[in-house]
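Participant: Submitted below is the structure of interest, expressed as structure tokens.
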Amino acid sequence: MPSNNAGSCLDKILADVSKQSATKQILIGAASGWVTGFASAKVGRLAAFTIGGAIILLEVANEQGIIKIDWSRLYRKVDEAGDKVQEKLTGEGPKWMEKAERYVDRKLDQAESTLKKNQKKAKKWYAAFIGDDSGPKINNLHIFLVGFTGGVAIGLASV
């Protein structure tokens, strides 16, 4: 019975975050961000360190002209190897969310390089998204994102 009450209470809190006050939006965003950051730090620390260290060493060798790297092929192979290791360790392969996260991360990197090339268009888009020339226009998404980002940072720092 108490778990049902807790579930209904949580449903009431999260029913429609955009209709809540800015304070509640920030608190909900911070709490969900903290949980996300804490869990991400606990689960992915060793894998991130290993893969990141290997990529840094390869980049140094690439910059020195010792090797020539096809980065897209390397990323695919690293993902495949990581999936196999995860399957051996946990008995199940990576979740679709992990694969989606990798895909989105790569696409964001591509978008960043494209935006650097097209800064004028990017500035126009940013002005349309955040506000106009007179200044930013804060909306519910911005409020939630501030809370979520702060929560992720606190979650990562609290590990």
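Participant: Mind counting the residues in region 32-59 that are surrounded by 11 or more Cβ atoms within 10 Å (Cβ to Cβ), at pLDDT 80 or above and over 13 Å from residue 156 (Cα atoms)?
Facilitator: 3
Participant: Return the residues of region 1-31 that are of a type in the set (A, V, I, L, M) and at pLDDT 75 or above; say none if nothing qualifies. Steps first, please.
Facilitator: Applying the first criterion (of a type in the set (A, V, I, L, M)) to region 1-31 yields 1, 6, 10, 13-15, 17, 22, 26-28, 30-31.
Matches in region 1-31: 22, 26, 27, 28, 30, 31.
Participant: What's the total number of residues in region 58-104 that are closer than 19 Å to residue 48 by Cα and among the small types (Gly, Ala, Ser)?
Facilitator: Going through region 58-104 one residue at a time, the tally reaches 5.
Participant: Return the total of residues in region 27-80 being among the aromatic types (Phe, Trp, Tyr) and over 30 Å from residue 146 (Cβ atoms).
Facilitator: Let us first name the residues in region 27-80 that are among the aromatic types (Phe, Trp, Tyr), namely 34, 38, 49, 71, 75.
Those left that are additionally over 30 Å from residue 146 (Cβ atoms): 71, 75.
Selection size over region 27-80: 2.
Participant: Another question about this same structure. Given the conditions (1) assigned to a loop (DSSP other than H, G, I, E, B); (2) within 30 Å of residue 145 (Cα to Cα); (3) more than 21 Å from the chain's Cα centre (by Cα), report the number of the one that residue 94 does not fulfil.
Facilitator: (3)
Participant: When region 68-107 is examined, which residues are found to be surrounded by fewer than 10 Cβ atoms within 10 Å (Cβ to Cβ) and among the aliphatic types (A, V, I, L, M)?
Facilitator: 89, 97
The values are calculated or read from the model by the stated rules, or taken from the named source; none is laboratory data. Treat the numbers as computed from the prediction; the structure is a model and nothing was measured. Note that we place each Cβ from the backbone using ideal geometry, even for glycine, and neighbour counts take in every protein chain shown.
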